[in-house]
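Below is one structure; the comments refer to it alone.
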Amino acid sequence: MLSDHERKALRELERQLIADDSEFPQAFDARAQRLDRQPLGVPAKTAITVAVVLIALMLLVGWLAGALALACAIGLIWLICRPPHGTRRRST
């Protein structure tokens, strides 16, 4: 957590950067928009596939509790990691 003095110094630095180059913050906004539009990468798709296969195998073996726990854990991780719908991550 930043102290009041550090927050003021950070705001002053941001103000100076914006004054020096007004397009500087717009570059970050454009990059954030491009990142929001990117589809899932190969590692994420692979992890999802492996998780689904593990859940299916657990169900076939009869480990209903394990399959349910794994599905819940994956769902919670997905909910935590995804950005809120219709919003962009933006620092203030």
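Nothing in this text is a laboratory measurement; each read-out follows from the coordinates by a stated rule. Just so we're clear, the structure is a prediction, and the values are computed from it rather than from any experiment.
A few points about this structure:
- Each residue of the stretch 51-65 was assigned a 3J(HN,Hα) from its phi angle through the Karplus expression (A = 6.51, B = -1.76, C = 1.60, θ = phi - 60°), giving 4, 5, 5, 4, 5, 4, 5, 4, 5, 5, 7, x, 8, 4, 5 Hz with x at Gly and Pro.
- Coupling constants for the stretch 71-78 follow from the phi torsions by the Karplus curve (6.51 cos²θ - 1.76 cosθ + 1.60, θ = phi - 60°), and in residue order they are 4, 5, 4, 5, x, 5, 4, 4 Hz; glycine and proline get x.
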